[in-house]
Structures are given as structure tokens and as C-alpha cells.
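Report on the following structure.
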Amino acid sequence: MSSRALSADDIEEMARRVLGSRKYASMNLPPETVKDLIRQEIAAGKSPKEVEKAMREKLHQIIAPYLGDPDYAAEEELLLKAAAEGDEAVRNWCLRMLSVHTSSRERIPHMEEFYQAIFSRIGTPESVLDVACAFNPFAFPWMGLPKSTAYHAYDLHAPRVHLINSFFKVYGMEPLAETRDILINPPDSKADTAFFFKEAHRFESRKKGCNRNFWISLPVKTIVVTLPAENLTGQHQMRDRQRDLVRKNIEGLGWELDETEIAGEMIFIINKGGRENE
Ligand SMILES: C[S@@+](CC[C@H](N)C(=O)[O-])C[C@H]1O[C@@H](n2cnc3c(N)ncnc32)[C@H](O)[C@@H]1O
């Protein structure tokens, strides 16, 4: 059977099967993510079997289940208990959540310095889009921003998004987290800045060069892209490769680029020129 034999119904069926599997059922992922991956592999001329195999591999990389997940229902209860004790207990709960993923755990010792480095360059934002956020919104108490900040957070993983909104409510903020595939449906809420932390290199693996159109589509004045300077084992320096990734994706757009680094996290500040948000 050639890949052309995959009808729209077959694509729906394949997506339903993968999303309903034990590995993904509890995550309530957007079906369009899986269908987009299937169509991408079909366009590459693969057989149905190869399409499914490649799609499963890519989905695994995107969701990164190997990074670990807490028990979301149990954590929601602990959050409510912490809320009854006060802000300090909530902040301790946040630290525990931030330590679930390597990407946010590595930032814990330098969180305040990290956000100061960003805000000293872009000013204090009144609104933020935290795209592909994972657990980063739990760092809000260390950002030095007022609770009135419109903090829009986006992730594919529904239980994660639900827990982020519970935290926002408990902490006295608007619950603006959304389950959304930001590559297929980029955010439409205008904001001062977008945080796109430690994910642009994975976006390139999902679809080479996709960052460019994604960054163009973001309705913000500045985009803060961060990338690891070293691989997870610390054995390979990746600075030149990461700089190339950012430069190639903004080439010819006339945007300004500034760069700094805090504790092995490269921070690229992209200034789109202020036109996007007018
Ligand atoms: C490596 S973690 C991101 C880390 C986080 N930004 C940080 O630095 O703390 C990747 C996260 O991005 C989410 N993600 C990946 N692709 C996405 C997409 N297209 N739309 C929304 N979320 C996405 C995953 O579900 C996962 O929670």
C-alpha cells in the first residue's frame, strides 16, 4: 500500500489510536498535532507503516515524556494545601515543580539573575506569552513582575496547563494558560514579549526552518529565545550551532539581536522593531 492510500479517515484513525494509547491518553494532546505530523510524513512519500513509525518518533521528541511528570491530581491537592498556608508555602511548592524538568531545574539557582538580565534589556513587560512553557510559569514568583501581569502560557500537555491555571488562581493571577499547538495555531493574544525557552532546537527537528514563520507570527515586540550552550551530558559545546540557528531564522528580517548567557543558558533577545504590537 503506498502512502497515497492513506485517506482522511485513515489519518483520523491513526491519530485516534496514538492519542488513545497508554503512553499518551492522560495528556489530552491536541489531535491536530498528530495529524500534522502524519501529513508531513505522507508528504515525504513514506508508506503507511513508515508514516506511523516516523510520526511516533517525532511525537516522542516533542512531548519528551522521558523528562518526567508529577502526579498532577496529587500536586493540585498539595498546591491547595500550600495556598491555605500562604505565599511562602506556594513558592516552595513551585520550586518542587520547577525541579521536575531539567530545563527549569537548571535555572533554579539563577532565576532572579536570569530574569533581571532579560528585563534590563527589554524593560518590564505588562504582558507575556510563555510559549512551549512546560513548568516555567511556576518561576513567576522569582520574575519580579506584578501579579497583574497578563501571563499567557501555552503547552500541548493538558494536565500541565490545568495545573498552571490552578497555580495562577491560587497566586492571585488571571488563569491564562492554554492547551495549544503553537506551531499550528500560534497565539493571537498581543503581548509585550514572548518567552521561547529551550525549545527552538526541537522545533527545528520537528520541521526544519519552522522557527522563522513562527517568530514572525508572534504578536509581540520582543522574543526571548534561550538555548542550552552545552548538551545534557555537558560534553559538547553547542554555542556556534545555536547562534547559527537563531541568525538563520531572522536573516533579512531587519530585526535587532542581542545575546547574553547565564549559567550555560544562551539568551537571545530579538527585537522585532515595535511594529507588531501597534
Ligand atoms: C523542553 S520543554 C520546554 C521547557 C520550558 N520552556 C523551559 O525552558 O522551562 C518542552 C515543552 O514544550 C511543549 N511543546 C512542544 N512543542 C509544542 C508545541 N508545538 N506547542 C505547544 N507546546 C509545545 C512540550 O509539551 C513540553 O512541555
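The values are calculated or read from the model by the stated rules, or taken from the named source; none is laboratory data. The model shown is predicted, which means the values in this text are computed figures rather than measured ones. Every residue, glycine as well, gets a Cβ built from its backbone with ideal geometry; the counts of neighbours run over all protein chains shown.
Some notes on this structure:
- Where strands (runs of 3 or more DSSP E) fall wholly inside region 180-266, the ranges with 2 or more residues that are touching a strand residue (DSSP E or B) at 6+ places or on another chain (Cβ under 8 Å) and buried (at least 20 other Cβ atoms within 10 Å of the Cβ) are 191-197, 220-228.
- Residues in region 101-136 that are at positive phi and either surrounded by 14 or more Cβ atoms within 10 Å (Cβ to Cβ) or within 12 Å of the ligand (Cβ to nearest atom) (or both): A132, A134.
- Enumeration of residues in region 172-198 that are away from the ligand (no atom under 16 Å from the Cβ) and in contact with a Phe, Trp or Tyr (Cβ under 7 Å, 6 or more places away or on another chain): M173, E174, P175
- Residue count, region 144-157 (criterion: touching a helix residue (DSSP H, G or I) at 6+ places or on another chain (Cβ under 9 Å) and within 13 Å of the ligand (Cβ to nearest atom)): 5
- The conditions of being within 21 Å of L29 (Cβ to Cβ), under 20 Å from the mean Cα position of the chain (by Cα) and not β-branched (V, I, T) are not met by P141.
- Pairs, first in contact (Cβ under 8 Å) with a residue 12 or more places away in the chain and within 19 Å of N136 (Cα to Cα) in region 172-191, second away from the ligand (no atom under 14 Å from the Cβ) and of a type in the set (A, V, I, L, M, F, W, C), C-beta under 6 Å, six or more apart: A191/V220
- Those residues of region 21-49 which are among the small types (G, A, S) and part of a loop (DSSP other than H, G, I, E, B), in sequence order: S21, A44, G45, S47
- Residue within region 104-118 that is under 20 Å from Y171 (Cβ atoms) and at pLDDT below 95 present: yes
- Complete set of residues in region 73-100 that are within 13 Å of the ligand (Cβ to nearest atom) and surrounded by fewer than 19 Cβ atoms within 10 Å (Cβ to Cβ): S99, V100
- Among residues of region 94-106 that are in the same structural domain as L227 (by TED's automatic domain parsing) and of a type in the set (A, V, I, L, M, F, W, C), those with a Cβ under 6 angstrom from a residue that is in a loop (DSSP other than H, G, I, E, B) and within 9 Å of the ligand (Cβ to nearest atom), sequence gap 6+ or separate chain, pair up as M97/F135; L98/F135; V100/F135.
- Sole residue being of a type in the set (G, A, S) and modelled with pLDDT under 95, chosen from S189, S205: S205
- Sole exception among (1) assigned by TED's automatic domain parsing to the domain that holds F135; (2) among the small types (G, A, S); (3) buried (at least 16 other Cβ atoms within 10 Å of the Cβ) for A54, by number: (1)
- Residue among R239, R212, R202, R160 that alone is within 25 Å of I108 (Cα to Cα), touching a residue at least 24 places away in the same chain (Cβ under 8 Å) and either touching a Gly at 6+ places or on another chain (Cβ under 8 Å) or away from the ligand (no atom under 14 Å from the Cβ) (or both): R239
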